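Okay, so here's the structure we're looking at.
The values are calculated or read from the model by the stated rules, or taken from the named source; none is laboratory data. This structure is a prediction, so every number in the text was calculated from the model and none was measured. We place every Cβ from the backbone using ideal geometry, glycine too, and count neighbours over all the protein chains shown.
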Amino acid sequence: MAIRIFRNFFKKIFTNLFKNKKDIKLGFYGPPNSGKTSLVNRICKDFTDEEIGSVSKIPHETRSVQFKEKVEISHKGKSMIFKMIDTPGIATKIDYEDFLKYKLKKKQARDRAKEATQGIIESIKWLDDMDMVVIVLDSTENPYNQVNITIIGNLVARKIPVLIVANKVDLKKSDLKKIEAAFPEYETIGISAKYGDNLEEFYESVFKLSKKV
């Protein structure tokens, strides 16, 4: 009995010592072309000098989950290590004909649509592995058309901390207040992934949210 108490005591000590040492799995979710990969690229470039993936004006450029291990982010004298996870854009409908206007050939369009559909399924499965999620939205578009209710429901059910990022604030059509009004229960940060605007506030919010992990 005494040995078991002794073991449990030291187990608690070691758990407390190392519980914050793990790499936090930070997932980036959102609709196609909202700027998820652009944001992750900028973060990875800033702290590892490497990007995570390619970007394109054609929707669903990212069609499979891609990640980068051991990204150490430093902010105001503090540092944390993250596993950055960039996911394919979530969409309720993918029609290969939508790709034809980007001058893709029919076979390319069909293949892209098929891969994008598989990528969405993969993204949803990865929710089980996330410690935190950043939902990246296009601040020039209607927020209610951008977020899949299933994703939000899954995050709430799993009690995963969420940060809303309103991207593209550098554009005239940007409406940050509309994004904030759509998701009053979450903190919303307006940024420009393209130009790096307001990333300091973004990092501040990520560090603060990590305390809930």
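Scan the stretch 1-53 residue by residue and report those that are at pLDDT 85 or above, among the polar types (S, T, N, Q) and over 14 Å from Ala193 (Cα atoms).
Of everything in the stretch 1-53, just one residue is at pLDDT 85 or above, among the polar types (S, T, N, Q) and over 14 Å from Ala193 (Cα atoms), namely Thr48.
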- Note on the structure: Those residues of the stretch 184-207 which are over 16 Å from Leu39 (Cα atoms) and touching a Leu at 6+ places or on another chain (Cβ under 9 Å) amount to Tyr186, Glu187
- Message: Quick test for you: out of Leu176, Leu104, Leu127, pick the one residue that is surrounded by 12 or more Cβ atoms within 10 Å (Cβ to Cβ), touching a helix residue (DSSP H, G or I) at 6+ places or on another chain (Cβ under 6 Å) and among the hydrophobic types (A, V, I, L, M, F, W, C).
- Response: Leu127
- Of the conditions (1) in contact (Cβ under 8 Å) with a residue 24 or more places away in the chain; (2) crowded, with 17+ Cβ neighbours inside 10 Å; (3) outside any loop (DSSP other than H, G, I, E, B), Arg63 clears all except one; give me its number. (3)
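Are any of the residues in the stretch 74-90 surrounded by fewer than 16 Cβ atoms within 10 Å (Cβ to Cβ) and acidic (Asp, Glu)? Explain how you work it out, then say what you get.
Of the residues in the stretch 74-90, the ones surrounded by fewer than 16 Cβ atoms within 10 Å (Cβ to Cβ) are 74-79, 81.
Still in the list and also acidic (Asp, Glu): none.
Within the stretch 74-90 (the criterion being surrounded by fewer than 16 Cβ atoms within 10 Å (Cβ to Cβ) and acidic (Asp, Glu)), the answer is no, since none of the residues qualifies.
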- Can you name the residue in the stretch 68-89 that is in contact with a Cys (Cβ under 7 Å, 6 or more places away or on another chain) and without any contact (Cβ under 8 Å) to a residue 40 or more places away in the chain and is also nearest to Asn145 (Cα to Cα) among such residues? Lys68
- Which residue pairs have Cβ atoms closer than 7 Å, lie 6 or more positions apart in sequence or on different chains, and pair a first residue in the stretch 90-106 that is touching a residue at least 40 places away in the same chain (Cβ under 8 Å) with a second residue that is part of a loop (DSSP other than H, G, I, E, B) and not small (Gly, Ala, Ser)? Ile90/Pro31; Ile90/Asn148; Ala91/Pro31; Ala91/Pro32; Thr92/Asn148; Phe99/Ile58; Tyr102/Ile58
